[in-house]
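The values are calculated or read from the model by the stated rules, or taken from the named source; none is laboratory data. In this text, all values refer to a predicted model and were calculated from it rather than measured experimentally. Heads up, the Cβs are rebuilt from the backbone with ideal geometry, glycines too, and the neighbour counts pull from every protein chain shown.
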Amino acid sequence: MLIINYGAGNLLSVKNMLKRAGTGEVIISNRPEEIAKADKLILPGVGHFDYGMQKLKESGLIPLLEQKVLHDKAPILGICLGAQLMTQSSEEGSVNGLGWVRGKTIAFDRSKLPEGYKVPHMGWNEVLEKKQTPLFQNMPENPRFYFVHSYHLEMEDQSDVWLSTEYGYEFCAAYQHENIYACQFHPEKSHKFGMQLMKNFIEL
């Protein structure tokens, strides 16, 4: 298991949750030789979309990651900004995303938010399972996860939507396309629900 260190991630909290979930060795690395050998990858991220893409480009890792994810089909889990970077674009920035999935990242539509709903959206939300994936096996009842974000995912193909949630209106909370898994929320901050999700990813 390898957490990609590209300079824009919440690395230690993700590593700690993976260890609590029962994985063996967890590597945090930006070294191509270690990434090439990894069986599974995690792309974390916090902050601005363009900054995240800039850091990924500066790392020089994008061609290797595309080989691992798009050609070798290594499982990858994107978290928060990491989930957004794998889409095609974001209203938060002007540069293209990785484009590994057909979708984009959009700002909350404030005209649809009831009075008193603030942006960024911060806090615990229950999620609705839109399709079954291995990452939701044995999930405790009434699953809920911790969110901190001002932009959310919008998938072009609705069959890629794995989980949805509501904050003023319904939106995509997580997506899955083939070997690519991604969640807008922070499983590493989501107690037993996040731990089960991480455990399932480990056991893929």
- Message: All but one of (1) in contact with a strand residue (DSSP E or B) (Cβ under 9 Å, 6 or more places away or on another chain); (2) of a type outside the set (D, E, K, R); (3) under 20 Å from residue 180 (Cα atoms) hold for residue 99; state the number of the condition that does not hold.
- Response: (1)
- Across the stretch 6-29, which residue is surrounded by the most Cβ atoms within 10 Å (Cβ to Cβ) among those that are over 18 Å from the mean Cα position of the chain (by Cα) and touching a residue at least 40 places away in the same chain (Cβ under 8 Å)? 23
- Message: Can you tell me which residue is nearest to residue 79 (Cα to Cα) among those in the stretch 159-204 that are out of contact with any Cys (no Cβ under 9 Å at 6 or more places or on another chain) and of a type in the set (Phe, Trp, Tyr)?
- Response: 181
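How many residues are without any contact (Cβ under 8 Å) to a residue 12 or more places away in the chain and farther than 19 Å from residue 185 by Cα if we restrict to the stretch 87-120?
Taking the stretch 87-120 as the starting set, the residues that turn out to be without any contact (Cβ under 8 Å) to a residue 12 or more places away in the chain are 110-111, 115-116, 118.
Subsequent filtering for residues that are farther than 19 Å from residue 185 by Cα retains 110-111, 115-116.
Going through the stretch 87-120 one residue at a time, the tally reaches 4.
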- Message: For the stretch 130-154: of the residues being aliphatic (A, V, I, L, M) and surrounded by fewer than 18 Cβ atoms within 10 Å (Cβ to Cβ), which is farthest from the chain's Cα centre (by Cα)?
- Response: 139
- Message: Given the criteria out of contact with any Cys (no Cβ under 6 Å at 6 or more places or on another chain), closer than 18 Å to residue 175 by Cα and not in a strand (DSSP E or B), does residue 82 qualify?
- Response: yes
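Can you work out which of the residues in the stretch 164-180 that are more than 12 Å from the chain's Cα centre (by Cα) and assigned to a strand (DSSP E or B) is nearest to residue 201 (Cα to Cα)?
Within the stretch 164-180, the first condition is being more than 12 Å from the chain's Cα centre (by Cα), and the residues that meet it are 164-171, 177-179.
Cutting the leftovers down to assigned to a strand (DSSP E or B) gives us 164-166, 170-171, 177.
Values: 164: 19, 165: 21, 166: 25, 170: 25, 171: 23, 177: 14 Å.
So, considering only residues that are more than 12 Å from the chain's Cα centre (by Cα) and assigned to a strand (DSSP E or B), the one nearest to residue 201 (Cα to Cα) is 177.
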- Inspect all residues belonging to the stretch 180-194 and state whether any of them is under 27 Å from residue 89 (Cβ atoms), without any contact (Cβ under 8 Å) to a residue 60 or more places away in the chain, out of contact with any strand residue (DSSP E or B) (no Cβ under 9 Å at 6 or more places or on another chain) and of a type outside the set (Val, Ile, Thr). no
- Those residues of the stretch 30-59 which are surrounded by fewer than 16 Cβ atoms within 10 Å (Cβ to Cβ) and not in a loop (DSSP other than H, G, I, E, B), in sequence order: 32, 33, 34, 36, 37, 50, 57, 58
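Among the candidates 97, 123, which residue alone is under 17 Å from the mean Cα position of the chain (by Cα), part of a loop (DSSP other than H, G, I, E, B), modelled with pLDDT of 95 or more and not aliphatic (A, V, I, L, M)? Give the steps one after another, and end with the answer.
Working: 123 fails: part of a loop (DSSP other than H, G, I, E, B).
Going through 97, 123 in turn, the sole match is 97.
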- Message: Between 119, 127, which is surrounded by 12 or more Cβ atoms within 10 Å (Cβ to Cβ) and touching a strand residue (DSSP E or B) at 6+ places or on another chain (Cβ under 7 Å)?
- Response: 127
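Do you know which residues across the stretch 172-192 are surrounded by fewer than 21 Cβ atoms within 10 Å (Cβ to Cβ) and on the phi < 0 side of the Ramachandran plot?
Within the stretch 172-192, the first condition is being surrounded by fewer than 21 Cβ atoms within 10 Å (Cβ to Cβ), and the residues that meet it are 177-179, 189, 191-192.
Answer for the stretch 172-192, where residues must be surrounded by fewer than 21 Cβ atoms within 10 Å (Cβ to Cβ) and on the phi < 0 side of the Ramachandran plot: 177, 179, 189, 192.
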